[in-house]
Amino acid sequence: MKILSVVGARPQFIKAAAITRRVKQMNEQSGPTNIDEVLLHTGQHYDWNMSRAFFEEMEIREPDYNLAVGSASHGAQTGRILEGTETVLQKEKPDGVLVYGDTNSTLAGALAAVKMHIPVAHVEAGLRSFNRRMPEEINRVVADHISDLLFCPTETAVHNLAQEGIHKGVHMVGDVMYDCALYYAQKAQSRHNLLTRLNLSPRQYALTTIHRAENTDDTGRLLSIFQALNRVAEAGLQIILPLHPRTRERLSVLHLKPSPRLRLLTPVSYLDMVVLERNAKLIITDSGGVQKEAYFYRVPCVTLRNETEWMETVESGWNILAGTDAESIANAVVGARKPSRWRNHYGDGDAAGRILDVLLSLGVRPSR
């Protein structure tokens, strides 16, 4: 059985790594799995530290195809990925296409496959922020409604699909990101000197990431966020901020000068990010994946959004939705505490194995 995996952004590299690694393990443990995985990199993220370095670090082979679409408007980028993926599908003729998450690569990969009557399997199906102004929300909703197999990370995701009338092909498998959190936390031990190199002490800093277009491209929001971060830093909590290229460009255009206690870093590798996350006192982010990784590593989180797809983290008290108002962010940081209880909502660390078991048992037959 030939499966074509479509990836194009950092979170998808991480999720695909769990699948690729599990295929390899199955081959080593019990002989060939009869799964031939073809890896298509759309090139949606093209910066070295945000793309190829992840493949090297996660021991993923070079992609079989790289569309190298680069940055563009949503329509242009999605169209280029759709066109390039269609060409690859015509050549490879896979039995199924595996898409991940909620990016333009997810949407374009699913559309290309379904229009060619190739079954689509969506990893991380059923997530909803219920904010249709988010491009990611549109991508995930459309992908779910055209997928044949929907691999859900949580029971909430299964419920969301049921509310939209989607019952067939739905599988609660757990979260492949949790698979990776467990696996790469061990590998990250080799980076034990990272904090020393950065002159950081465990639990003495806040790790921050800002990359969502609705925050970086809105001048008012971005200024408000940095006003809050400067205020928190000046109050005594050192902030470490690996800068996404989009954010760095916007700061340059706005001539915004962060507080000296707000340290700006170039994008860090995935394993370095794991080290920084696990040792942080607090995480401040607008990333869905980083929110969840904070929860996995039991680090309190303040989210720079008004909603999240990961409500389990909020309801359990580990995550505070602060929005982008400077006062609200500062108050959330002050009020963030480590709850006394932690519950695992995301599976047992073998979501990838369950996904492969379903693919093998069904042969990725279309549900329609």
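Below is a table of values for the structure above.
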{"item": "Inter-site label distance for residue 340 and residue 116 at 7 Å from Cα along Cβ, in nm", "result": "5.7"}
{"item": "Positive-pole candidate from 336, 8, 200, dipole of the chain, charges at beta carbon", "result": "200"}
{"item": "Proximal charge balance of residue 294 [Cβ under 10 Å; K/R count +1, D/E count -1]", "result": "+1"}
{"item": "Cβ-placed point charges (K, R +1; D, E -1), dipole of the chain about Cα centre in debye, nearest 20", "result": "860"}
{"item": "Between 0 and 90°, nearest 10: helix 135-146 axis offset from the chain longest Cα axis", "result": "20"}
{"item": "Where Rh is the Kirkwood radius over Cα pairs, Rg/Rh for the chain", "result": "0.96"}
{"item": "CD proxy at 222 nm, helix term only [per DSSP H run n ≥ 4: -39500 (n - 2.57); per residue of the chain; nearest 500]", "result": "-14000 deg cm²/dmol"}
{"item": "Convex hull volume per residue for segment 194-243, taking Cα atoms only, in Å³", "result": "76"}
{"item": "In degrees, nearest ten, helix 351-362 long axis to first principal axis of the chain (Cα)", "result": "20"}
{"item": "Residue (of 26, 82, 296) at the positive-pole extreme of the chain, dipole from beta-carbon charges", "result": "296"}
{"item": "Distance between segment 196-252 and segment 306-324 - C-alpha centres, whole angstrom", "result": "19"}
{"item": "Which of 239, 14 has the fewest Cβ neighbours within 10 Å, and the rest in rising order", "result": "239, 14"}
{"item": "Angle between the chain longest axis and helix 245-254 axis [Cα atoms, degrees, rounded to 10]", "result": "40"}
{"item": "Computed over segment 186-335, Kirkwood Rh from alpha-carbon pairs, angstrom", "result": "15.3"}
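Throughout, read-outs are computed from the coordinates displayed, never taken from laboratory work. Quick caveat: nothing in here was measured; it's all calculated off a predicted structure. All Cβ positions, glycine included, derive from the backbone under ideal geometry; neighbour counts span all protein chains shown.
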